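Structure, as structure tokens:
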Amino acid sequence: MKNIEKISALILVSLFSSCIFFDETPQTGVINLQNCTESAVYVYVTYKDTLPNFPKLNLFDTIALGKYEQEKDTIISPVYRINAHSFYVDFDKNEGGIIFNDYISKCADKKIRLYFIRENIMRSKTWNEIYKGQLYEKKMIFSEDDLSKLNWEVNYE
């Protein structure tokens, strides 16, 4: 019985100490982007004032699972596709947001632009048509001060 009490005490101490050191403060410089709509949306992040032609966004990406011809590629959602009621997560970088400094270093006005494109547009139009017609649903522009005021949290609604 004493072993069970010791194990229980260790579990409680571990849980308590993890709660003390868990920091819920958002990381400065990382934009936490949430899609608050009922459908998926594609987000183009850039420092440019118009939706760029290159690099283009794809409806889906493919990854090769194996090195043999008989093994099929797998279709996946690209990192810039945010499901309904979901957050932007870059699994390749193992990060939960958009790194602000990755984009503003190239921009004279030090502002980041987010272009939101509805999934039905991505399904029905080519990237060239989207680019030429600037067929985005919404454009948001943020400076570092703007994002600080928002606690680095941006909701697409």
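The values are calculated or read from the model by the stated rules, or taken from the named source; none is laboratory data. Predicted model only: the values in this text are computed from it and were never measured. Every residue, glycine as well, gets a Cβ built from its backbone with ideal geometry; the counts of neighbours run over all protein chains shown.
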Checklist (1) in a helix (DSSP H, G or I); (2) within 17 Å of residue 81 (Cα to Cα) applied to residue 103, failing item: (2)
Residues of the stretch 127-146 that turn out to be hydroxyl-bearing (Ser, Thr, Tyr) and touching a Phe, Trp or Tyr at 6+ places or on another chain (Cβ under 7 Å), as a count: 1
Residue, surrounded by the most Cβ atoms within 10 Å (Cβ to Cβ), within the stretch 61-78, restricted to residues that are part of a loop (DSSP other than H, G, I, E, B) and modelled with pLDDT of 70 or more: 77
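Conditions (1) without any contact (Cβ under 8 Å) to a residue 60 or more places away in the chain; (2) in contact with a Pro (Cβ under 7 Å, 6 or more places away or on another chain); (3) in a loop (DSSP other than H, G, I, E, B); (4) of a type outside the set (D, E, K, R), marked per residue:
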position: 108; (1), (2), (3), (4): yes, no, yes, yes
position: 114; (1), (2), (3), (4): no, no, no, yes
position: 117; (1), (2), (3), (4): no, no, no, yes
position: 120; (1), (2), (3), (4): no, no, no, yes
position: 130; (1), (2), (3), (4): no, no, no, yes
position: 140; (1), (2), (3), (4): yes, no, no, yes
position: 145; (1), (2), (3), (4): yes, no, no, no
The stretch 102-130, subset crowded, with 18+ Cβ neighbours inside 10 Å and hydroxyl-bearing (Ser, Thr, Tyr), residue farthest from residue 79 (Cα to Cα): 103
Residue within the stretch 42-58 that is modelled with pLDDT of 90 or more, part of a loop (DSSP other than H, G, I, E, B) and touching an Asp or Glu at 6+ places or on another chain (Cβ under 7 Å) present: no
